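Undergrad: If you scroll down you'll find the structure; I have some questions about it.
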Amino acid sequence: METATRIWVKFLAIVLVAATVSIGITVALTSTVSHTVPPSNPQIVTSTCITLTLSTPTTTTGSSGVELLTCGPNPAFDTIAGSSVPAFTLGAGYTSLRFLSADPNSNPLANCGNGSGTIMTSGSAVTFSPGSWDYCGIYANAPAGGLGSFTIQWAQ
């Protein structure tokens, strides 16, 4: 005959096993799904390069013209619909900066030279439609050391 203590220990063991099993079933039935929510402000302007490529890397002192600025064979930047604010200070020799379609079928270099594109003003918002774009730098009286370098930053 078992003692009361042994019966009590067996009873507690059975209750503990039953509780553990029911907790496991409850956890299995209420498993969670995890999702990551993206930021609410996607990047309007994106680019595949840091340093742009000049269409004509050598300029003649005192000359005037245009430089088509790209990411090599790729557009300088791509956009989704939205507004972004450029910040830049033109390098020596440059007089203005525009952006224009990078569609290779539209001959961006020729379009840069004929005045196509949208003039950019540092600190003024630009509203984009989805597309691929190149920059067009207009210069006059190119300095002896060549056209100056500058950085364009886009605030999203």
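The values are calculated or read from the model by the stated rules, or taken from the named source; none is laboratory data. Treat the numbers as computed from the prediction; the structure is a model and nothing was measured. As a convention, Cβ positions derive from the backbone with ideal geometry for all residues, glycine included, and neighbour counts pool all protein chains shown.
Undergrad: When you scan region 123-156, how many residues do you find that are within 21 Å of S83 (Cα to Cα), in the same structural domain as T51 (by TED's automatic domain parsing) and in a strand (DSSP E or B)?
TA: So the count comes out to 9.
Undergrad: Let me ask something else about it. Being at pLDDT 95 or above, under 21 Å from G65 (Cβ atoms) and touching an Asp or Glu at 6+ places or on another chain (Cβ under 9 Å) narrows it down to one of C112, C136, so name that one.
TA: Sole residue among the options that is at pLDDT 95 or above, under 21 Å from G65 (Cβ atoms) and touching an Asp or Glu at 6+ places or on another chain (Cβ under 9 Å): C136.
Undergrad: With S116, S122, S84, S106 as the choices, which residue is free of Cβ contacts under 8 Å to residues at least 40 places away in the same chain and closer than 26 Å to N41 by Cβ?
TA: Just one listed residue meets the conditions, S122.
Undergrad: Sticking with this structure for a sec: Pull up region 87-100, narrow it to residues that are within 22 Å of the chain's Cα centre (by Cα) and under 17 Å from E67 (Cβ atoms), then point me to the one that is surrounded by the most Cβ atoms within 10 Å (Cβ to Cβ).
TA: F99
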